Every structure is written in structure tokens, then in C-alpha cells.
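Only one structure is covered here, and it is reproduced in the block below.
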Amino acid sequence: MRSPIVVPEFGSAEVTFSLWLVSPGDSVYEGDRVAELLVGAATVDIVSPLDGRFQEALAQPGERLGLGQTLGFVVEG
């Protein structure tokens, strides 16, 4: 199963993607930190939604993102 990593709901309507902490093909576990976002002056960790492999990065550093936007994908297994 392929699961999206999405921008969670924040008080702010727009966030900035900071960096990926994993690369495509890396093993990840549910709750592992996989990316960082900038929300105002705060850095927010984004975690893997499930155990598996990080498959694809869609967001790039410096990119402005909306709430609910897909950052990348994890494949179960």
C-alpha cells in the first residue's frame, strides 16, 4: 500500500518545506521523522504514517505548501 505524507493542519494557511531527513529507498517506521517544515518562525517535524520504505519526494526545499498538500509517499512493507 502506498501512503501519502501530507502537510498537517496548522493555524497558518501556508507553510514552507525545509528539508527531507530521508532519501528514496530508505526504510522508515511509523512515527519516524522524515521531513521538516517551517511554520512562521517554528520548525515542525513531519513523521512517517506507516512502516515501510520512503518512495518518492514531491516537495523541494524552499517550496511554499498549502495545508493537506502531499509531500511524498511511503510504501508499506
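Each reported figure results from applying straightforward, stated rules to the coordinates on display, with no laboratory input. Everything numeric in this text was worked out from a predicted model, so none of it was measured. Neighbour counts are summed over all protein chains in view; Cβ atoms, including those assigned to glycine, are modelled from backbone coordinates with ideal geometry.
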ask   = Placing +1 at every Lys and Arg Cβ and -1 at every Asp and Glu Cβ, with all other atoms neutral, what dipole size does the chain have around its Cα centre, in debye to the nearest 20?
value = 140 debye
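Restricting attention to the stretch 48-77, which GluC sites (Glu not before Pro) occupy a DSSP loop and are surrounded by at most 14 other Cβ atoms within 10 Å? Provide the component values of the computation, followed by the final result.
Working: sites: Glu56, Glu63, Glu76; in loops: Glu63.
Hits after loop and neighbour filter: Glu63.
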key: Semi-axis lengths (Å, descending) of the ellipsoid that matches the C-alpha gyration tensor of the stretch 2-76   = 20, 11, 11
request  = Over the stretch 2-76, calculate the relative contact order: mean separation of alpha carbon pairs under 8 Å at least 6 apart, over the residue count, as a percent.
outcome  = 44 percent
task = Using 0.36 nm per residue of separation minus the Cα-Cα distance, give me the extension gain between Leu19 and Ala42 in nm, one decimal.
result = 6.9 nm
